[in-house]
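Some notes on the structure that comes next.
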Amino acid sequence: MRATMRRSPALLLVVAAACATPERPGGDAHVATAGAFAQPWYRRPLPAGVETLGGLRALVVAPPTCRSRACPTLVVLPGGAQNENLAGATLRPWAQALHDEGWVAAAPIAPSRDRAFYEGDVSALGPFLDALAEAHPPEGGRFSLVGVSNGGIAAFTLAAAHPERFGAVAVAPGYARPEVPLAALRSLAITSFVGTLDAWRHPAETTHRDLREAGVASALRLVAGVGHVLAGHLEWRTLRVALTAPGSG
């Protein structure tokens, strides 16, 4: 049975730096010990500007090296009310590393609280993806997708609506709404991060099982001793591996 639960009013980021480990073949997810950033995530620089793409405002990390060539491009769906403050808080822990490694990253801002993407209507994100691809062509023609908390809920909905636009998806944490057709995600690799103390652990695990049953390549990573807010425990390098080499640990 597909799990549902109340959405979290606020959230941020996720898991253990190099410590998070993937599900063991044929067994339960391996539990990792949460790590921490050497520098507090909230003090990290945010090399991002605001762009309007397809009618939506977005915070965009765009390295100068990507002005004349296609670069790997990350779509980041923020949590909470998915406003500009939450978009910035979601990007901040990774933004400098993304910039330094030559990744473009774009976090769309919901038009209003009552039109937040996690509510299930992601129609505004179709034109956003078109405009993002024109302004910042993604390397290989596909985006990577990350959703954090409420953004993780929206990520499943968006990826199922436009699976041809994405190569891999990571949620931190997240789960699929009951109406999402999980079979539409069969072309994608999905990685879910969730804390062992998070109330969202059960729905995340249920979505993971349902994905597997639907024939989707899904990996689940648990972070020991961590609740819902995982800011400060997921380095970009760990997330990059989940997006570019899913299942490799």
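The values are calculated or read from the model by the stated rules, or taken from the named source; none is laboratory data. None of the values given here were measured: they were computed from a predicted structure. Because the Cβ atoms are built from the backbone with ideal geometry, glycine has one as well, and the counts that use them run over all protein chains shown.
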*Identify the single condition in (1) in contact with a His (Cβ under 7 Å, 6 or more places away or on another chain); (2) surrounded by fewer than 21 Cβ atoms within 10 Å (Cβ to Cβ) that residue 129 does not satisfy, given that it satisfies every other one.*
(2)
*Every residue from segment 157-174 that is under 22 Å from residue 94 (Cβ atoms) and outside any strand (DSSP E or B)*: 158, 159, 165, 172, 173, 174
*If the Cβ limit is 9 Å and pairs must be 6+ apart or interchain, which residue in segment 140-151 that is on the phi > 0 side of the Ramachandran plot and in a loop (DSSP other than H, G, I, E, B) pairs with which residue that is polar (S, T, N, Q) and buried (at least 24 other Cβ atoms within 10 Å of the Cβ)?*
149/90
*asked:* Suppose we keep only residues that are of a type in the set (S, T, N, Q) and within 21 Å of residue 160 (Cβ to Cβ) within segment 199-249. Which one would you say is farthest from the chain's Cα centre (by Cα)?
replied: 206
*Do we find that residue 154 is under 17 Å from residue 80 (Cβ atoms) and part of a helix (DSSP H, G or I) in this structure?*
yes
*Would you point out which residue out of 74, 98 is closer than 14 Å to residue 135 by Cα and buried (at least 17 other Cβ atoms within 10 Å of the Cβ)?*
74
_Being out of contact with any Leu (no Cβ under 7 Å at 6 or more places or on another chain) and among the hydrophobic types (A, V, I, L, M, F, W, C) is the filter here; which residues of segment 112-128 pass it?_
116
*Have a look at 211, 243, 220 and point out the one that is farther than 23 Å from residue 80 by Cβ, of a type outside the set (Ser, Thr, Tyr) and part of a helix (DSSP H, G or I).*
211
*Might you let me know whether segment 107-124 holds any residue that is in a strand (DSSP E or B) and under 30 Å from residue 40 (Cα atoms)?*
yes
_Verdict on residue 68 being among the hydroxyl-bearing types (Ser, Thr, Tyr), modelled with pLDDT under 95, part of a loop (DSSP other than H, G, I, E, B) and buried (at least 17 other Cβ atoms within 10 Å of the Cβ)_ = no
*When residue 55 is evaluated against the numbered criteria (1) at pLDDT 95 or above; (2) crowded, with 17+ Cβ neighbours inside 10 Å, which criterion, by number, is the only one it fails?*
(2)
*Mind checking whether some residue in segment 192-205 is surrounded by fewer than 24 Cβ atoms within 10 Å (Cβ to Cβ) and in contact with a Lys or Arg (Cβ under 8 Å, 6 or more places away or on another chain)?*
no
